[in-house]
1. Yes or no: the range 281-299 includes at least one residue that is of a type in the set (D, E, K, R), without any contact (Cβ under 8 Å) to a residue 24 or more places away in the chain and open to solvent by 20 Å² or more (accessible area, probe 1.4 Å).
2. Does at least one position in the range 337-352 carry a residue that is open to solvent by 30 Å² or more (accessible area, probe 1.4 Å), of a type in the set (A, V, I, L, M, F, W, C) and under 24 Å from residue 277 (Cα atoms)?
3. Got a sec? Which of 96, 128, 114 is touching a Phe, Trp or Tyr at 6+ places or on another chain (Cβ under 8 Å) and among the hydrophobic types (A, V, I, L, M, F, W, C)?
4. Has the range 377-391 got any residue that is assigned to a helix (DSSP H, G or I), touching a Ser or Thr at 6+ places or on another chain (Cβ under 8 Å) and modelled with pLDDT under 80?
5. Would you pick out the residues in the range 60-77 that are under 25 Å from residue 215 (Cβ atoms) and open to solvent by less than 10 Å² (accessible area, probe 1.4 Å)?
6. Step by step: first the residues of the range 319-368, then only those that are over 24 Å from the mean Cα position of the chain (by Cα) and not in a helix (DSSP H, G or I), then the one that is nearest to residue 170 (Cα to Cα). Which residue is that?
7. Give me the residue from the range 290-318 that is in a helix (DSSP H, G or I) and not aliphatic (A, V, I, L, M) and, out of that set, nearest to the chain's Cα centre (by Cα).
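The values are calculated or read from the model by the stated rules, or taken from the named source; none is laboratory data. These numbers come from a predicted model, not from an experiment. Here the Cβ is made from the backbone with ideal geometry for all residues, glycine too, and neighbour counts use every protein chain on show. Each accessible area value is taken on the protein alone, full model and side chains, heavy atoms only, with ligands, DNA and RNA left out. Shrake-Rupley method; radii C 1.70, N 1.55, O 1.52, S 1.80 Å.
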Amino acid sequence: MEILLLAVAIILLLPATVLFIEVMLALTRRKNVTADDHERRRLAILMPAHNEALVIAGPILSVSPQLGEIDRLVVVADNCTDETAAIASENGAEVIIRTDLDRRGKGYALDYGIRHLALDAPEIVIVIDADCQVAPKTIDRLARICALSNRPVQSMYLMYAGKDAGLRMRIAEFAWTIKNQVRPLGLLRLGLPCQLMGTGMAFPWSCISVAQLATGHIVEDLQLGIDLARAGSPPIFCPDALVTSSFPTTAEGARGQRTRWEHGHLSVILNQAPRLLWESVKSRNLNTLAVALDLSVPPLALLVLQIALVWVACVALWLITSKQLPLGIVTGAAALVGISILVAWSRFGRNIISFGSLALALLYPLGKIPIYLKFLFARQREWIRSKRDGNRT
C-alpha cells in the first residue's frame with residue numbers, strides 16, 4: 001500500500017507542479033508576440049454552425065467589420081433544422097449547407113468547409129464558433145501573427161457566467177479563466193506553445209488544408225492541437241486577440257457542455273499524454289514536451305478531488321504505519337495547487353468571484369463527481385451539441 005500511494009502521490013505532483021509553474025510565469029512581464037507591421041494576407045473566416053439561429057447574427061456582425069474586400073466569411077450550416085442558413089445569409093455571410101446525419105460533429109463541418117475553401121484557397125483560415133463574439137482588431141492580429149510565424153495562432157477565449165449567475169457558474173468561469181488565460185499566458189512567457197481552444201484559431205492554409213479534421217472527436221480542437229504539435233506546427237497564444245461566449249444558463253445545457261469537455265479532455269490525457277511525453281523526450285523537442293506537460297494537467301476540479309482522496313488515504317497510512325513520505329509528497333502537491341489557485345485569483349479572478357466564495361469553491365468538485373463516475377462507467381464518446389438557452393439541440 002505504501003508503494004502504491006507513493007507512486008500515485010508522485011504522479012499527482014507532476015500536474016500540480018506544471019500548474020504552479022504556469023500560474024507563476026503568468027505574473028511575469030514579457031513583450032507579447034505582435035506583427036502589426038507585417039503584411040496582412042487574404043483570409044477566410046470559417047464558422048461551423050448547428051442550429052444556431054438564435055445567436056448566429058451576433059458573431060457574424062462582430063466579424064464582418066474586421067474583414068477586408070478580398071476576405072471571406074463562410075458559414076457551414078451543418079445538419080441544421082432551423083433558420084441558421086437563412087439568417088447567416090441575410091447578415092452577409094457566404095453559406096454552405098452540409099447534411100450527413102451519420103457523420104455528426106464539428107470536425108466534419110470544418111472538413112467540409114476546408115474542402116469548399118480549397119476551390120479558391122485563402123492564405124489564412126480563422127475558425128470562429130457560431131456562438132462567439134469577436135473583439136475589435138482580433139481578426140487582424142490573428143492573421144498577421146499567423147502569416148509572420150507560419151504557425152497556428154490561438155486567441156484568448158473566455159467564457160462568462162453572466163452578472164446574475166449563481167456561485168457554481170462563477171466558479172466555472174474562474175476555472176475557465178485559469179485554463180484559457182492564465183496557463184497559456186505562463187507558457188507564452190517562455191515562448192512555448194499552447195493548446196487549441198476550439199474557436200478564435202488562425203491557421204496557415206498549408207497547415208489546415210492537410211490536417212485530419214473529419215472526425216467525430218468530442219474535443220476535436222484539443223486533438224488537432226496535439227496533431228499539429230507532432231507535425232512541427234505547435235500553436236502560439238495571442239492574448240491581445242479576444243473571443244468570448246457565455247456559459248449555458250440552463251442546468252441541462254451546462255451539464256451537457258461540462259460532460260463533453262471533461263470526458264473528451266480525460267480521454268485525450270489517457271490516450272495521448274504519456275505517448276506524447278515519451279516522443280518529446282526521445283526527440284528532445286521542447287515544444288512537444290511543453291504540450292505534453294500542459295496536457296497532463298486534468299480539469300482543476302478533478303485534480304483537487306484526486307489530491308484530496310489520496311491525501312486522506314496517506315493520512316490513514318501514516319496513522320497506521322507511521323510512513324510519512326507519501327503524505328509529504330501529496331501534501332506538497334496540495335500546497336502547489338492551493339497556492340496556484342490563490343495567486344490566479346489575486347491577479348485574474350477578483351472581478352469574477354469574491355474571496356469568501358473562493359473558499360466555498362472547495363465544495364465545487366464534489367458536484368462533478370457524477371461526471372467523473374460517468375466517465376468510468378458510461379463515457380461520452382460521440383459529439384453532442386450543448387443545448388443553448390431556449391434553443392433546440
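1. Going residue by residue through the range 281-299, those that are of a type in the set (D, E, K, R) are 282, 284, 294.
Okay, now just the ones that are also without any contact (Cβ under 8 Å) to a residue 24 or more places away in the chain, so 282, 284.
After this cut, where a residue has to be open to solvent by 20 Å² or more (accessible area, probe 1.4 Å) as well, the list is 282, 284.
Yes, because at least one residue in the range 281-299 is of a type in the set (D, E, K, R), without any contact (Cβ under 8 Å) to a residue 24 or more places away in the chain and open to solvent by 20 Å² or more (accessible area, probe 1.4 Å).
2. No: the range 337-352 contains no residue that is open to solvent by 30 Å² or more (accessible area, probe 1.4 Å), of a type in the set (A, V, I, L, M, F, W, C) and under 24 Å from residue 277 (Cα atoms).
3. Working: 128 fails: touching a Phe, Trp or Tyr at 6+ places or on another chain (Cβ under 8 Å); 114 fails: touching a Phe, Trp or Tyr at 6+ places or on another chain (Cβ under 8 Å).
96 is the lone residue from the list that is touching a Phe, Trp or Tyr at 6+ places or on another chain (Cβ under 8 Å) and among the hydrophobic types (A, V, I, L, M, F, W, C).
4. Taking the range 377-391 as the starting set, the residues that turn out to be assigned to a helix (DSSP H, G or I) are 377.
Right, trim to touching a Ser or Thr at 6+ places or on another chain (Cβ under 8 Å) and you get none.
No, that holds for no residue.
5. First pass over the range 60-77, keeping only residues under 25 Å from residue 215 (Cβ atoms): 72-77.
Listed by number, the residues that qualify are 74, 75, 76, 77.
6. 354
7. Step one: of the range 290-318, the residues in a helix (DSSP H, G or I) are 290-295, 300-318.
Subset that is not aliphatic (A, V, I, L, M): 294, 306, 311, 314, 318.
Details: 294: 12, 306: 21, 311: 29, 314: 33, 318: 39 Å.
Checking each candidate, the answer is 294.
Quick grid of which residues meet (1) free of Cβ contacts under 8 Å to residues at least 60 places away in the same chain; (2) crowded, with 19+ Cβ neighbours inside 10 Å; (3) not hydrophobic (A, V, I, L, M, F, W, C):
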position: 204; (1), (2), (3): no, yes, yes
position: 210; (1), (2), (3): yes, no, no
position: 238; (1), (2), (3): no, yes, no
position: 241; (1), (2), (3): no, yes, no
position: 278; (1), (2), (3): yes, no, no
